[in-house]
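Every read-out reported here was derived from the displayed coordinates using simple, explicitly stated rules and does not represent laboratory data. Everything numeric here is computed off the predicted structure, so don't read it as measured data. Note that we place each Cβ from the backbone using ideal geometry, even for glycine, and neighbour counts take in every protein chain shown.
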Amino acid sequence: MAAQNLQSVPAELTAGTSETAEADGQANFDRVIAEDSRIEPKDWMPAAYRKTLLRQISQHAHSEIIGMQPEANWISRAPSLKRKAILMAKVQDEAGHGLYLYSAAESLGQNRDEMTDALIAGKARYSSIFNYPALTWADMGAIGWLVDGAAICNQVPLCRASYGPYGRAMVRICKEESFHQRQGFEILLELSNGTPAQKQMAQDAVNRWYAPALMMFGPPDDDSPNSKQSMAWNIKRFSNDELRSRFVGMMVEQVRVLGLTLPDDQIRFNEDSKKWEHGPLDWDEFHEVLAGRGPCNSQRLERRREAHDGGAWVREAAAAYAQKQSMKTKEYAA
Amino acid sequence: MSEANASATRITPGNALRPEDIALEVRTGLAKPTEDTAEYALRLGDDALILAQRLGHWISRAPELEEDIALGNIALDELGHARSFLSYAGGAMTNDDGSARSEDDLAYFRREHEFRSVQLFEQPNGDFAATIARQFVVSYYQFLLYSRLTESKDATLAAIAAKAVKEVDYHRDHAAQWVLRLAGGTEESRKRMIHGFRIMWPYVEELFRDDDLTGRLAEAGIAVAPSSLKEDFDRLTGEVLTEAGLEVPDVPAAPGGGRQGKHSEHLGYILAEMQVLAREHPGASW
Amino acid sequence: MSPHGNPEAPASSATEINREAPKASPAPQEHTDHAWGLWEVFVRSSRGLSHVHAGSLHAPDAAMALRNARDLYTRRNEGVSIWVVPADAIAASDPDSKGAFFESPQGKDYRHATYYTKSEGVKHL
Ligand SMILES: [Fe+2]
Ligand SMILES: [Fe+2]
Ligand SMILES: [Fe+2]
């Protein structure tokens with residue numbers, strides 16, 4: 001097969017012992033990272049780099065997919081047909097984001113089904129925020145504004161991640177996310193300008209989603225052991241606390257436009273550090289939720305499991321059909 | 001950010017007819033349906049709305065992520081058609097306070113017996129095969145209907161149909177592809193496909209039933225007589241069924257009655273869920 | 001075609017997960033419960049332009065791959081034409097051989113118009 005030929009010929013040209021290949025690979029990798037260029041799938045890369053990426057990208061993909069659920073919960077009850085259409089399109093986009101990211105992870109050598117199996121076996125992590133329930137319509141606003149907002153803050157720098165396929169997936173995702181945050185903001189704005197009951201609903205949702213959204217940036221820097229290495233590899237560009245602080249600054253401005261408040265009376269701009277500061281976050285709760293003991297963990301995984309296991313017969317049918325068709329084609333050819 | 005340009009493809013909103021455009025035309029008096037035409041638009045709008053509501057349920061539950069997106073697209077298309085038809089229908093109807101009825105007034109503040117969708121659309125999703133069976137019938141029906149409706153003497157109906165027919169053409173392809181795969185896949189999938197058709201088929205006949213309204217409107221060149229679609233429907237669906245090695249299920253037809261507001265037990269639940277929030281806050285805007 | 005062939009799979013000189021890993025290790029195969037193959041998607045954004053790689057997806061066959069590509073990669077008017085290719089049908093050059101494989105064009109400035117400076121200022125040239 002052509003693919004094998006192409007791959008083996010140049011390899012012979014550069015043939016050496018495996019140690020020198022390893023050393024060459026490391027040198028090339030270091031040079032690419034130092035130049036702030038991109039690593040591509042077939043490049044040599046350190047085992048730990050690959051592992052870190054696989055973990056991060058697959059977690060990110062799982063988050064997109066599990067993240068569909070809290071919002072899908074309101075598609076059938078959206079209070080206007082326009083909102084129903086917007087919400088459907090948004091949740092559908094999240095499925096797309098999951099797909100782009102699973103593809104990026106697949107380029108590192110793990111297939112989607114393995115990742116899905118790890119997820120539904122409870123062995124893989126995803127963003128803890130999606131284990132909170134979406135209780136009212138206003139949650140569609142708060143999720144779009146705060147959760148997608150935090151996601152954008154996290155993701156824009158990832159467009160420059162050193163791993164090419166990840167960065168490219170993020171470019172596509174970020175383009176779509178900007179609509180997500182705006183539609184969330186608009187939902188809250190409508191509610192805030194609506195009846196007293198609607199405004200109350202909006203404030204209540206912001207109160208519930210604020211802290212979990214801040215925790216989406218991950219543990220504080222001194223409690224985030226992997227961050228340093230990820231930054232050295234140009235996977236991450238900014239620290240958790242740095243991004244969180246920026247996000248708080250943006251929200252402070254925007255919440256005023258909404259005519260709502262953030263449930264945090266300790267937000268202030270630190271003139272010395274030039275950074276936004278916020279009140280303490282409940283990291284015990286964060287770790288509890290991450291460990292599987294959040295309000296919706298088991299419900300979210302069960303839905304994923306049902307869809308995957310319940311859909312197995314469909315995937316099998318399509319695969320069997322494809323095989324039969326290709327046999328038929330071969331018979332014709334023979 | 002230079003990387004923003006690294007994405008291979010670009011994004012544009014396109015310039016097709018939107019539900020908002022219809023609503024605007026109705027509000028400004030540019031489009032004004034007769035009572036008959038409005039009732040007809042209501043029928044088609046309700047069909048599409050109930051189907052969109054059903055299909056929306058699949059998002060986050062489909063057999064594979066790619067199919068979440070495919071069914072989501074179809075649901076969004078149907079919802080768009082529903083909004084256009086309902087916006088138009090509302091142009092000949094008034095609320096109690098005298099204002100014209102909007103798409104949302106019609107979707108959220110009518111009772112079960114006021115819905116005009118035929119019963120096939122409200123049938124439960126069941127498993128993926130049942131959904132595909134319903135989708136297969138519905139999309140061929142809508143494709144044939146909208147194809148002919150593009151020639152309606154009512155310019156608004158014709159315009160809505162012109163946009164919708166292209167989308168529905170894709171829906172029927174999607175459904176046919178899956179009918180072939182499920183019927184010709186595994187033993188289990190074939191069994192399920194056959195079962196799906198069996199439970200949906202009793203509601204097929206109702207799609208092609210004429211009544212006074214369609215009689216008057218077809219006569220005037222505004223509507224399509226449902227019965228006139230039957231022959232093409234049988235032929236086109238028959239071709240796919242034959243290729244799939246399936247037969248038209250031999251099951252008795254249900255009496256139907258959706259066009260007169262008689263529904264199966266399912267519609268009440270669909271509406272209860274769809275309308276609950278809007279009704280908790282009457283008069284609110286979202 | 002293997003269900004998970006991938007032209008972007010890591011090269012064999014790489015580390016713990018090597019190029020053959022997805023195919024050779026039995027565990028993923030058992031897990032793949034007829035998982036669909038990987039396809040690469042190329043989208044032409046408007047007439048006159050080339051098809052450009054947009055991303056990948058899973059599908060049981062070419063017909064479905066095209067449709068899935070339409071749904072996934074052209075939801076926002078991104079394209080007027082789509083190609084799909086089974087991922088493992090793509091032959092790719094070896095990144096480790098970058099030197100030898102791509103050295104020849106280096107230094108051959110005379111292949112480029114900018115090399116010819118004496119004609120600067122001459123019109124229509
Ligand atoms: Fe997303
Ligand atoms: Fe699996
Ligand atoms: Fe999003």
Q) Can you name the helices (runs of 4 or more DSSP H) wholly within the stretch B:208-286 that have at least 2 residues being within 14 Å of another protein chain (Cβ to nearest Cβ) and within 22 Å of the chain's Cα centre (by Cα)? A) B:266-280
Q) Could you list, in sequence order, the residues of the stretch A:144-173 that are closer than 15 Å to A:ARG237 by Cα, out of contact with any Cys (no Cβ under 8 Å at 6 or more places or on another chain), in a helix (DSSP H, G or I) and of a type in the set (Gly, Ala, Ser)? A) A:ALA151, A:GLY164
Q: Identify, by number, the condition in (1) among the small types (Gly, Ala, Ser); (2) over 22 Å from C:ARG76 (Cα atoms); (3) away from ligand 1 (no atom under 15 Å from the Cβ) that A:SER63 doesn't meet.
A: (3)
Q. Scanning the stretch A:76-109 for residues that are of a type in the set (S, T, N, Q) and buried (at least 23 other Cβ atoms within 10 Å of the Cβ), which turns out farthest from ligand 3 (Cβ to nearest atom)?
A. A:SER107
Q) Within the bounds of the stretch A:174-186, is there any residue that is away from ligand 3 (no atom under 12 Å from the Cβ) and over 30 Å from A:PRO46 (Cα atoms)? A) yes
**Q.** Residues located in the stretch A:93-130, provided they are under 14 Å from the mean Cα position of the chain (by Cα) and away from chain C (no Cβ under 13 Å)
**A.** A:ALA124, A:ARG125, A:TYR126, A:SER127, A:SER128, A:ILE129, A:PHE130
Q. Away from chain B (no Cβ under 12 Å), more than 16 Å from ligand 2 (Cβ to nearest atom) and closer than 24 Å to A:TRP74 by Cα - does that describe any residue in the stretch A:152-174?
A. yes
(Q) Given the criteria crowded, with 19+ Cβ neighbours inside 10 Å and more than 15 Å from A:HIS97 (Cα to Cα), does A:ASP148 qualify? (A) no
Q.
Anything in the stretch B:152-181 that is touching a residue at least 60 places away in the same chain (Cβ under 8 Å), of a type in the set (Asp, Glu) and either touching a His at 6+ places or on another chain (Cβ under 6 Å) or over 14 Å from B:LEU55 (Cβ atoms) (or both)? List them, or say none.
A. B:ASP154
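Residues checked against (1) more than 13 Å from ligand 1 (Cβ to nearest atom); (2) within 14 Å of chain B (Cβ to nearest Cβ); (3) farther than 29 Å from A:ALA105 by Cα; (4) touching an Asp or Glu at 6+ places or on another chain (Cβ under 6 Å):
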site	(1), (2), (3), (4)
A:SER178	no, yes, no, no
A:ILE187	yes, yes, yes, no
A:ASN193	yes, yes, yes, no
A:LYS199	yes, yes, yes, no
A:GLN203	yes, no, yes, no
A:MET215	yes, no, no, no
A:PRO219	yes, no, no, no
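Does A:SER298 qualify as being within 21 Å of the chain's Cα centre (by Cα) and surrounded by fewer than 20 Cβ atoms within 10 Å (Cβ to Cβ)? Don't jump to the end; show me each part of the working.
Details: within 21 Å of the chain's Cα centre (by Cα): yes; surrounded by fewer than 20 Cβ atoms within 10 Å (Cβ to Cβ): yes.
Against the criterion (within 21 Å of the chain's Cα centre (by Cα) and surrounded by fewer than 20 Cβ atoms within 10 Å (Cβ to Cβ)), A:SER298 qualifies.
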